[in-house]
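The values are calculated or read from the model by the stated rules, or taken from the named source; none is laboratory data. Note that the structure is predicted; figures quoted are calculated from it, not measured. No Cβ is skipped: glycine too gets one built from the backbone with ideal geometry, and neighbour counts run over all protein chains shown. All accessible areas refer to the heavy atoms of the entire protein, side chains included, with ligands and DNA or RNA removed. Shrake-Rupley method; radii C 1.70, N 1.55, O 1.52, S 1.80 Å.
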Amino acid sequence: MMRFVFFLMVLTMVVACKKDKALNGIDAELFEMAEQTSGFTWYKNSDALLPKSSGSGHEHPFLRTRFNSVAATQLNSEGKIAANAVFPQGSLVVKELVNEDESLGRYAILYKASGNENADANGWVWGYIDADKKVVSSAEKKGASCINCHQQSGSIDYMLMNKFFP
C-alpha cells in the first residue's frame, strides 16, 4: 500500500511539472505566430545566420531576426531599424536562436499588443520558447528576464540589432 501511495505521489509530481512547462495560453499564441514565416522581412534583408554578439544574453551561438509586415514599416531601405523607430501595434519581431549545428534552438519573440494583459509598460509581450515547444520564460512574466538587457544604451524600442550588427 505504501509503495502505491508513493507511486501516486511521484506520478502527480511528474504530471504537475509537465503541466507547468506545457505550451498553452499566450505562450502557445506567440509560438504559433513565430512559426509562421511568410510575409516577414529579415534584418538587413538577409536570412544569413549572424554570430552571437558580445552583448547577447542568449546562449545560442547564432541568430537571425525577422519582422512581420507591420514591424517592417520601421525598417529602412537597408533592412535596418530606423533611428528612433517606435514599432506600431501588431508588430511581431522573431529572433531565431540557432544551435552550433545550425538547427533552430529557440524563439525570442516580441509582439506589440498594448491591450494584452501580458504586455509590459511599453506594450510588448515577450516570449522565450524552445523550438520543441518548451516554454523557457512565459509571456506572463512580461519580459522580466529580458528587459534589463534590451533597455541598454543603443536599443531602439527594445531592439538591439543595429547596435550589435550595424
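Rundown of residues vs (1) within 12 Å of the chain's Cα centre (by Cα); (2) open to solvent by 30 Å² or more (accessible area, probe 1.4 Å); (3) under 26 Å from Val136 (Cα atoms); (4) modelled with pLDDT of 95 or more, yes/no style:
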{"position": "Ser69", "(1), (2), (3), (4)": "no, yes, no, yes"}
{"position": "Ile81", "(1), (2), (3), (4)": "no, no, no, yes"}
{"position": "Ser91", "(1), (2), (3), (4)": "no, no, yes, yes"}
{"position": "Lys95", "(1), (2), (3), (4)": "yes, yes, yes, yes"}
{"position": "Asn99", "(1), (2), (3), (4)": "no, yes, yes, yes"}
{"position": "Ser103", "(1), (2), (3), (4)": "no, yes, yes, yes"}
{"position": "Tyr107", "(1), (2), (3), (4)": "yes, no, yes, yes"}
{"position": "Tyr111", "(1), (2), (3), (4)": "yes, yes, yes, yes"}
{"position": "Asn116", "(1), (2), (3), (4)": "no, yes, yes, yes"}
*Taking into account only those residues within segment 11-53 that are at pLDDT below 95 and touching a helix residue (DSSP H, G or I) at 6+ places or on another chain (Cβ under 7 Å), which is farthest from Gly154 (Cα to Cα)?*
Leu23
*So, of the residues in segment 128-158 that are touching a Ser or Thr at 6+ places or on another chain (Cβ under 8 Å) and in a strand (DSSP E or B), which turns out to be surrounded by the fewest Cβ atoms within 10 Å (Cβ to Cβ)?*
Ser137
*Under 7 Å between Cβ atoms, at least 6 apart or on separate chains: pull out the pairs that start in segment 46-70 with a residue that is in a loop (DSSP other than H, G, I, E, B) and end on any residue that is surrounded by fewer than 16 Cβ atoms within 10 Å (Cβ to Cβ) and small (Gly, Ala, Ser).*
Asn68/Gly39; Ser69/Gly39; Val70/Gly90
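Results for (1) out of contact with any Lys or Arg (no Cβ under 8 Å at 6 or more places or on another chain); (2) farther than 15 Å from Leu30 by Cα, shown as yes or no for each residue.
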residue	(1), (2)
Phe67	yes, no
Asn76	yes, yes
Lys80	no, yes
Gly90	no, no
Val98	no, yes
Arg106	yes, no
Tyr111	yes, no
Cys146	yes, yes
Lys163	yes, yes
*Within segment 91-127, track down each residue that is outside any loop (DSSP other than H, G, I, E, B) and among the charged types (D, E, K, R).*
Lys95, Glu96, Arg106, Lys112
*asked:* Looking at segment 46-57 only, could you name the residues that are surrounded by 12 or more Cβ atoms within 10 Å (Cβ to Cβ) and either closer than 23 Å to Ser69 by Cβ or aliphatic (A, V, I, L, M) (or both)?
replied: Asp47, Leu49, Leu50
